[in-house]
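Working notes, beginning with the structure itself.
Just so it is clear, none of the values below were taken in a lab; they were calculated from the coordinates. Values in this document were obtained by computation on a predicted structure and should not be read as measured data. Glycine gets a Cβ as well: all are built from the backbone with ideal geometry, and neighbour counts include every protein chain shown.
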Amino acid sequence: MFEIEAWYLVVLPLLFAAGWWLRGFDSRVRAADQGAAPRSVFRGLNLLLNEQPDKAIDAFIEVVKLDPETIELHYALGNLFRRRGEVDRAVRIHTHLLNRADLPARERSNALAELGQDFLKGGLLDRAEDAFVRLIEDPQQRFSALRALLRIYQMEREWLKAIDCARRLEREAGESHHVAVAQFYCELAEQALAKSDLQRAQSYLDEALVADRKSVRATLLAGDVAMQRGERDDAIKHWLRVEAASPEHLPLVAARLTEAMDKAGRRDEALNLLRRALLDSPSIDLLEIAYQRIGEWEGPAAAEVLLRDELRRHPSLLGFEKLLALRSAQVKGDPELDLLRSLIHAQTRKLARYRCSKCGFRAREFHWQCPGCTSWDSYPPRRIEELDAA
Ligand SMILES: [Zn+2]
């Protein structure tokens, strides 16, 4: 039942206790405490061993009252509790340190920073934010406080505050956050777009492109803003720019782009674009869109030809599944075909996900920010089957 980290909980205080004994403190000054302090340490140890961590904390707090040099022991224990997910206990230890009247200013900042991390881990974002905002003024803690706040504001979707933190870190610590800053502006632009505040959306997108000239998402959204304004030709220009800047992102705009081109009387151009793009940078998502458009515009026979050609060039289970679906719509009630389809489907379900290039988190939908590791722009717009084949 004893977890590995639980051993640390015992070994750490033991080491501190040993150090405490070996230090050979001034017996004249501390004669009165000589018995009391170690007794508290060992009582704490005993309670930890008996899995009574709350009483153990009381015992260790007693030690710190008697010997301020055991502050390190508190940090070590607090961190261990936090890492074990026992946030309440970590908070108790760090709060106790913080409330000590004789704690030097530097240690007070350290304790507050630890407390902020406890709140962050426990999801108490408001309290974590309070702690780190107070730490910004401390030159020793400033950068790590700003980094923590940057994380918190992203979790709270407070994009303007996140931009402010990122900019300060860029200016003062020489860090690079331009990709994330562009994404923060894109988030703001999407919010404005949802409220049909097109002017505001456009100005956020301008900022996004200043931060990151190559921001695919900002270019894509600029097309959406133009479309909402009723400026279809402009929208088409923006979306075509997505392909020019990053052909692999074309599948993200191909559906709306080809629809707009069709409405503008440019259907042939749209079909050529899809066929050419499939040759230049093949993609299962793009195949899906091209298949749909060609089916609508040139009929099912032409769509099937496209699918077969594409499968021959770039064999994929996901493409094959589509072909089987087509066949089973034509030949109804073939049990073997249905069996084959369900077998293939069991395989393709896993292959059809997107995968974060930083942490490997898999998702059904394409994400600009990874839900697993919170990195930005870490999802290639490619299905796992294509990523693994590459
Ligand atoms: Zn990730």
With a cut-off of 18 Å, note down the residues of the range 80-106 whose backbone N falls inside the zone around a label point 7 Å from the Cα of N46 toward its beta carbon. none
Out of G372, G78, Q141 - ranked by how far each Cα lies towards the positive end of the dipole of the chain, with unit charges on the beta-carbon of charged residues - the top one is G78
Can you compute the modelled spin-label distance between H345 and R106, with each label point 7 Å from Cα toward Cβ, in nm? 6.6
³J(HN,Hα) across the range 355-360 via Karplus (A = 6.51, B = -1.76, C = 1.60, θ = phi - 60°), whole Hz, x for Gly/Pro? 9, 5, 6, 8, 10, x
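Per residue of the chain, what 222 nm ellipticity follows from adding -39500 (n - 2.57) for every DSSP H run with n ≥ 4, rounded to the nearest 500?
Computed mean residue ellipticity for the chain: -23500 deg cm²/dmol.
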Any chance you could give the angle, 0 to 90 degrees and rounded to 10, that helix 335-351 forms with the longest Cα principal axis of the chain? 50
Starting from 0.36 nm per residue, how many nanometres of slack lie between I384 and D54 once their C-alpha separation is accounted for? 114.1 nm
Using a Förster distance of 41 angstrom, determine the FRET efficiency expected from the C-beta separation of A255 and T95, and round it to 0.05. 0.15
Mean-position separation - Cα centroids, the range 285-306 and the range 185-235, in angstrom: 30
Can you compute 3J(HN,Hα) from phi for each residue in the range 140-153, using the Karplus curve 6.51 cos²θ - 1.76 cosθ + 1.60 with θ = phi - 60°, rounded to whole Hz and x for Gly and Pro? 5, 9, 3, 5, 5, 5, 5, 5, 5, 5, 4, 5, 5, 5
Sequence-distant lysines (8 or more away, or on other chains) whose Cα lies within less than 24 Å of K350: K322, K358
Calculate the dipole size of the chain relative to its Cα centre from +1 charges on Lys and Arg beta carbons and -1 charges on Asp and Glu beta carbons; express the result in debye to the nearest 20. 300
What does the extension gain come out to for L125 and E170, with contour length at 0.36 nm per residue minus their alpha carbon separation? 13.8 nm
Name the most mobile residue of R147, R108, R312, meaning the one with the largest mean-square fluctuation, in a Gaussian network model of the chain with Cα contacts below 10 Å. R312
